[in-house]
Amino acid sequence: MTTDSQQLSQGYVKTIIHNKIATIEFFHPQSNSLPGQLLDDLADAITSAGNNDEVRVIVLRSAGEKAFCAGASFNELAAIETEEQGRLFFSGFAKVINAMRKAPKFIIARIHGKCVGGGVGLAAAADYAIATERADIKLSELAIGIGPFVIGPAVERKIGLSAYSQLSIDASQWYTASWAKEKGLFAESHSTVENLETSVETLSKTLSFYNPDAMAEMKAVFWQGTGNWDELLSKRAVISGKLVISSFTKEAIARFKAK
């Protein structure tokens, strides 16, 4: 049995279903970063909610008041010793993105704070992302010797190749929530968390009364052309798995952890 203290130290994923709205919340004490177990739990939670006939819309959120998601767990990245271990770890992000893509329910992402790496991928894979003005974004992967390979298709699909290239290449630069909204990553950007909450609640409640079959058909249309992503993201995980065990990346991760 997992205690409250264990959840706070190891992180958690939990789902609450109320009035046909499934709210999936994740948490990790290291800025809501995502170790392998949380990635698996998150993918399972999204799949389960998507297959639940009592659910018509999914809200994805993280706990806390600071970062929405810091991306991959640096502790786990540092511990990877083989290409296979690397592939398995990055496959966790592939599972989550594909679970979001396949869920026949609209997913609203509640983005209350900064998004790094995989956090940007979560925002991109959501069907509708609502953010605050402090939700700056960054794809920092290249700066540590890898790249946003697994999340790349989701980000490129949402904001286009030019903006995705800009984010990927300028890996040390934070981009504002205003920039993210302009490029289409965020549908809305609010000045306060209170306004964010109101918008998420209003939209999710409205969607909960809509025809679930119509929404499922619309989602299929929105994601048309991504049927190869199971294979594509698996191949991308192999690339990341090879790069993460390179001496360059090991040294870069060590420097980052030492800060």
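Which whole-number percent is the relative contact order of the chain (Cα, under 8 Å, 6+ apart)? All intermediate terms of the calculation are to be shown ahead of the outcome.
Numbers: 503 pairs, mean separation 55.8, N = 259.
Here the relative contact order equals 22 percent.
I need the phi-derived Karplus couplings for the range 186-197: 6.51 cos²θ - 1.76 cosθ + 1.60, θ = phi - 60°, integer Hz, Gly and Pro marked x.
Using θ = phi - 60°, the values come out as 9, 7, 9, 9, 10, 6, 9, 5, 4, 5, 4, 4 Hz.
Evaluate the Kirkwood expression for the hydrodynamic radius of the range 139-232, namely the inverse of the mean inverse distance over all pairs of different C-alpha atoms, and round to one decimal in Å.
Details: mean 1/r = 0.0633 Å⁻¹.
For the range 139-232, the Kirkwood estimate is 15.8 Å.
Rounded to whole Hz and in sequence order, give me ³J(HN,Hα) for the range 66-72 from the Karplus expression 6.51 cos²θ - 1.76 cosθ + 1.60, θ = phi - 60°, writing x for Gly and Pro.
Each residue's phi maps through the Karplus curve to give 9, 6, 5, 6, 8, x, 5 Hz.
For helix 212-222, report the angle its Cα long axis makes with the longest principal axis of the Cα atoms of the chain; keep it between 0 and 90° and round to the nearest 10°.
For 212-222 against the chain, the angle is about 40 degrees.
Add -39500 (n - 2.57) for each DSSP H run of 4 or more in the chain, then divide by its residues: what number comes out at 222 nm, to the nearest 500 deg cm²/dmol?
-15500 deg cm²/dmol
Show me the three semi-axes of the equivalent ellipsoid for the range 1-126, from the C-alpha gyration tensor (sqrt of 5 times each eigenvalue), largest first, rounded to whole Å. Don't skip to the answer; put the middle values down first.
Details: eigenvalues 104, 54, 39 Å².
Output for the range 1-126: semi-axes of 23, 16, 14 Å.
Quick one: dipole size for the range 7-258, taken about the Cα centre, charges +1 on Lys/Arg Cβ and -1 on Asp/Glu Cβ, in debye to the nearest 20. Walk me through the numbers on the way to the answer.
Values: 26 positive and 27 negative charges, 51 e Å.
In debye, rounded to 20, the range 7-258 gives about 240.
Sort Met218, Met100 by Cβ crowding within 10 Å, fewest neighbours at the top. Don't skip to the answer; put the middle values down first.
Values: Met218 14, Met100 26.
Going from sparsest to densest Cβ surroundings: Met218, Met100.
Among Gly241, Pro104, Leu203, whose Cα projects farthest towards the positive end of the dipole of the chain, with charges put on the beta-carbon of Lys, Arg (+1) and Asp, Glu (-1)?
Gly241
What are the equivalent ellipsoid semi-axes of the range 7-258, built from the alpha-carbon gyration tensor (square roots of five times its eigenvalues), in whole angstrom, biggest first?
Working: eigenvalues 154, 73, 63 Å².
Ellipsoid half-lengths, sorted descending, are 28, 19, 18 Å.
What share of the DSSP beta bridges in the chain is antiparallel, in percent to the nearest 5? The partial results should precede the final answer.
Working: 8 of 29 bridges.
Among the beta bridges of the chain, antiparallel pairing accounts for roughly 30 percent.
Could you list Cys69, Cys115 so that the one with the fewest beta carbons within 10 Å of its beta carbon is first and the one with the most is last? The partial results should precede the final answer.
Working: Cys69 26, Cys115 32.
Neighbour counts put them in this order, fewest first: Cys69, Cys115.
Strictly over 32 Å apart at the Cα level, which of Lys219/Lys242; Lys205/Lys235; Lys95/Lys183; Lys20/Lys158; Lys20/Lys242 would you flag in this model? Mind dumping the intermediate values first?
Numbers: Lys219/Lys242 34 Å; Lys205/Lys235 38 Å; Lys95/Lys183 25 Å; Lys20/Lys158 27 Å; Lys20/Lys242 42 Å.
Check vs 32 Å cut-off fails for Lys219/Lys242; Lys205/Lys235; Lys20/Lys242.
No lab work stands behind these numbers, since they all come straight from the coordinates. Remember, predicted model here, so these are calculated numbers, not experimental data. Every residue, glycine as well, gets a Cβ built from its backbone with ideal geometry; the counts of neighbours run over all protein chains shown.
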